[in-house]
Amino acid sequence: MTSSETNRADDPDGDRSGSADPAGSPDPGSAAWELLLPAAAAPARTRGRSLQAALREAVRTGRLAPGTRLPSSRDLAADLGVSRGLITEAYEQLTAEGYLRSGRGAGTWVGGAVRAAPPRARDLAPRSPGARADFVPGTPDLSLFPRAAWAAAQRAVLAELPHQDLGYPDPRGLPQLRTALAELLARRRGVVADPERIVVVSGVAQATTLLGFALHARGLCTVGVEDPGSPQHDALYASAGVSTVPLPLDGEGIVVGALRDSGVRSLVTTPSHQFPTGIAYSARRRTELLDWARSVDGLVLEDDYDGDFRYDRAPVGALQGLDPEHVAYTGSVSKSLAPGLRLGWLLVPEALADEVVERKRTMDLGHPTLDQALFARFVERGDYDRQLRRCQRAYRERRDALVAALQEHFPGAEVAGIAAGLHVIAALPHRYGPQADFLARVTAAGVAVRPLTDYTHARAEHEGSGGIRLVLGYAHLSPARIRAGVRLMAQAAGA
């Protein structure tokens, strides 16, 4: 429709006032004027776009209902103090988009095509339920994030980053970061780290999914998982078409006999600090695990989720360092910096490297280059090592505070597992049970806790046993809040 046709359509003789239509619709003149007045006051160069956006939003949100007749372009232009051409152009544009409809000699009306709900941005991020004391594991102290050092690194990177590095990156990651990570991981975790086999990923979750796709492409549609273990593995592998097989643990790690009997040829494990039991795999069990992988030409995915945080001695080196062709290794900054950065790494055996890299490329075309360059600088300048030392001091103090508070308020309580990581396993005496009653009492008192049974596949088998075994996270709590929380839990339990 031409501009002149629109003018005739929305401004026919004898009907220039925007008066009510024969069906009884009210005069929209004043309403339209109120809706569009702020846009009419916009600077001249943006006034037309502002008017269109305001009118479009009014239709989309229902403030101008379907079937409403709009004022003539002449009347609305006079009301708003703008040129008639701006109104005519807005009517033409929104008619073309389907928001308005018009006909020769019939005026301009709000169309009936829009079916938009009111805009709403929900926050689906996991949040604490507002408990008075929150011991749910898995969250670091986000207040320890090094904002000043991070901001300084960001400014330097933005000033120095070559223009070409802002293009699509190598799907494995920036060479600068892969080189920095190779040095860091070899030094701190004892891995065999070839920068050519490092893939920068969006955390351990993406690393797990990438390997799931690679395994599925090779016809390996089952993977063994620790039981108890991370509840996320089932869904992550299922998204790649791979099912999980729970495998029991003993005091040294995965029960290798059960592993062999299962028939799987791939396994996810947390040998440096098993989640959630807190044990470290024994040297014997590590050897047996690698013997199994070699005998079936299998793959072990080593999730080193908190390997840097050992408080009673130097951390045990990664399993991958013993056999990099049968062990894939993954980690992230989620516990050391912040999970919201979505930044991690995956070291893959040579036989899987091409498949994993190609899947990473088709999945997201590579990790954001600015984030990679920033973290590379953070590692190269020693800022990341300083952050790890800072977190280690804080988390050791908090673990000590939790252990002492449990001993004070729950006499006879035992803390299992090695002195490491961001959580402990607390076994409370039977007199505080049964577990279901204990959990009900402390939850009613506003204490958020997770029992060990929440992380096991054989949950029903253990829930009625009478013992109470809790997975207590402490890294996100100050020592004072830890002591207060344990005291509150004891009061609720009748200790």
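Values as computed for the structure displayed
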{"item": "For the chain: accessible area per residue (Å², 1.4 Å)", "result": "45 Å²"}
{"item": "Principal-axis tilt of helix 175-189 within the chain, Cα atoms, nearest 10 degrees", "result": "30 degrees"}
{"item": "Crossing angle, helix 369-380 versus the chain [Cα axis fit, 0-90 degrees, rounded to tens]", "result": "30 degrees"}
{"item": "Neighbour cut-off at most 15 other Cβ (10 Å), DSSP loop, trypsin sites (Lys or Arg not before Pro), region 245-315", "result": "313"}
{"item": "Amide H partners (placed H, <5 Å) of residue 72, local residues excluded", "result": "18"}
{"item": "Cα point-scatterer Debye curve for region 343-495, base-10 log of I(q)/I(0) at q = 0.15 Å⁻¹", "result": "-0.86"}
{"item": "Sparse-neighbour loop sites [trypsin sites (Lys or Arg not before Pro); region 376-415; at most 16 other C-beta within 10 Å; DSSP]", "result": "381"}
{"item": "Percent accessible area from carbon and sulfur atoms, the chain, protein chains only, probe 1.4 Å", "result": "52 percent"}
{"item": "Degrees, to the nearest 10: 479-493 long Cα axis against longest axis of the chain", "result": "80 degrees"}
{"item": "Debye intensity ratio I(q)/I(0), log10, region 140-215, q values 0.12, 0.24 Å⁻¹ (C-alpha model)", "result": "-0.49, -1.23"}
{"item": "Interatomic Cα distance distribution for the chain, bins of 10 angstrom, percent", "result": "4, 16, 20, 17, 13, 11, 11, 7, 2, 0"}
{"item": "5 angstrom amide H check on residue 245, placed H, neighbours 5+ away", "result": "223, 224, 225"}
{"item": "DSSP-defined antiparallel bridges as percent of all bridges, the chain, nearest 5", "result": "60 percent"}
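The values are calculated or read from the model by the stated rules, or taken from the named source; none is laboratory data. On a predicted model such as this, the values are computed, not experimentally measured, just so you know. Every residue, glycine as well, gets a Cβ built from its backbone with ideal geometry; the counts of neighbours run over all protein chains shown. Side chains are part of the model used for accessible areas, which takes the heavy atoms of the whole protein and leaves out ligands, DNA and RNA. Shrake-Rupley method; radii C 1.70, N 1.55, O 1.52, S 1.80 Å.
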